Amino acid sequence: MVKMVKDAIAAGYRHLDTAEGYGTEVELGLAIKESGVPREELFVTTKLAQTISEGSVEDIPAGFESCLKRLQLDYVDLLCLHTPYANKDNTYDEVAVAKSWKLIEAIQRSGKARAIDISNFRRTHVENLLKTAEIKPVVNQIQFHPYIQGAPEYAKWLQSQGIAIQSWMGLAPITWLGQKHLEGTLEELSAKYGVNKSTILIRWQLDQQFIVLNTTKKVERMQEYFAAVNFDLSDEDSRRITDIGQETHLRVPVGNLFDGGDFSPY
C-alpha cells in the first residue's frame, strides 16, 4: 500500500483518504513521509467511529490521538465521524451521535483537525445532528452513484444546507456487473468523448458538484481518472445517466450497515 500511495502522490493526487477502521493509517503515514512532498501540499482525511475507537464515545479524543500517531502527523485536514450508527450492534443513537460530535468539535478547536465532517449519514441523521451542532459538518461522505434511488434529491438538500458531498463507490455501475442498465449508454458515451467508462462516471459526479473519491492500484488508471477534468458532458448526456440509473436500484452492501436490497431513501 505504501507504494500505491506514493504512486498516487507522484501522479499528482493530493487528497488522501483513510480511516481508523480501514487499518491503513500507518502505511499512509509512511507514504507521506517517503513521498518528499511537503505536508502543507497534501490534504489528509481520517475517520473515527464510536464503535471502532478506544471503546466508547468518551474515548474519541484518545482514538484520534492514536490516529495521529499512526499517521505520524501533527494534524489532519479533515476529521470525519465515520457513521451515525453509534452502538456496538450498529444501531442509531441520536444522543450518542450528538455527544460524539461535541468531542469532534473540540478536536477542531484544538487545531489538530482543520475541518470536520460526517459519513454515511442519512437526512434524518443530519437533521438531528444540526439541532445541537455548534460547528456544521463541511462534508457528508456517502455512497453515491446513478443506481441509488432518491440520492439526487438528497444531494440537493445537503447542498442547500451548505454541506458538500464526497461520493464513494461512484464506479459501482461498472464494478458491480449484476446491474447493466447503464452499460450500453456508458459504452456509447465513452466512444463519443474518447475516454473510458470510469472517466464518464467521474465526470458525471463532478457535474453534480461532488468531491469524488476513488481508489486504484494501477498508475495508468490514476492518470486516466484525471481526464475527467478535461472535458464536459453535455446536459443531455448527464441527464441520460441520471434518468437511466433511476430505473433500477443498487446500494452496495457495507458490512451489516446497508443491505444490498435496501431501497430506503437517504
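The values are calculated or read from the model by the stated rules, or taken from the named source; none is laboratory data. This structure is a prediction, so every number in the text was calculated from the model and none was measured. All Cβ positions, even for glycine, are placed from backbone atoms using ideal geometry, and neighbour counts span all protein chains on display.
Among the residues of the range 209-225, those that are under 19 Å from the mean Cα position of the chain (by Cα), surrounded by fewer than 19 Cβ atoms within 10 Å (Cβ to Cβ) and of a type in the set (S, T, N, Q) comprise GLN209, THR215, THR216. Hey, could you check the range 85-103 for residues that are part of a helix (DSSP H, G or I) and not charged (D, E, K, R) and say which is farthest from ASP17 (Cα to Cα)? Looking at the filtered set, the residue picked out is VAL95. Scanning the range 1-44 for residues that are hydroxyl-bearing (Ser, Thr, Tyr) and assigned to a loop (DSSP other than H, G, I, E, B), we see that the one that is surrounded by the fewest Cβ atoms within 10 Å (Cβ to Cβ) is TYR13.
Is it the case, given these coordinates, that SER160 is of a type in the set (Ser, Thr, Tyr) and free of Cβ contacts under 8 Å to residues at least 12 places away in the same chain? In short, yes.
For the range 226-248, does any single residue satisfy the condition of being farther than 29 Å from GLY21 by Cα, touching a His at 6+ places or on another chain (Cβ under 7 Å) and surrounded by fewer than 17 Cβ atoms within 10 Å (Cβ to Cβ)? Among the residues of the range 226-248, at least one is farther than 29 Å from GLY21 by Cα, touching a His at 6+ places or on another chain (Cβ under 7 Å) and surrounded by fewer than 17 Cβ atoms within 10 Å (Cβ to Cβ), which makes the answer yes. Count of the range 134-157 residues, restricted to those that are closer than 18 Å to LYS47 by Cβ and in a helix (DSSP H, G or I), is 0.
Taking the range 137-157 as the range and being over 12 Å from VAL252 (Cβ atoms) and either among the β-branched types (Val, Ile, Thr) or in contact with a helix residue (DSSP H, G or I) (Cβ under 7 Å, 6 or more places away or on another chain) (or both) as the test, the residues that pass are VAL138, VAL139, ASN140, PRO146, PRO152, TYR154, TRP157. Reported count of residues in the range 60-84, each being assigned to a helix (DSSP H, G or I) and crowded, with 22+ Cβ neighbours inside 10 Å, is 4. Checking each residue in the range 23-54 for being over 24 Å from GLU224 (Cβ atoms) and either aromatic (Phe, Trp, Tyr) or touching a residue at least 60 places away in the same chain (Cβ under 8 Å) (or both) picks out only LYS47. Under the condition of being without any contact (Cβ under 8 Å) to a residue 24 or more places away in the chain and among the aliphatic types (A, V, I, L, M), the residues counted in the range 86-136 number 1. Can we say LYS180 is among the basic types (Lys, Arg) and not in a loop (DSSP other than H, G, I, E, B)? Against the criterion (among the basic types (Lys, Arg) and not in a loop (DSSP other than H, G, I, E, B)), LYS180 does not qualify. For the range 156-203, the candidate set comprises residues that are β-branched (Val, Ile, Thr) and surrounded by fewer than 20 Cβ atoms within 10 Å (Cβ to Cβ); within that set, the residue that is modelled with the lowest pLDDT is THR175. Every test in (1) within 20 Å of TYR92 (Cβ to Cβ); (2) over 17 Å from the mean Cα position of the chain (by Cα); (3) in contact (Cβ under 8 Å) with a residue 24 or more places away in the chain is passed by HIS181 save one, and that test is (1).
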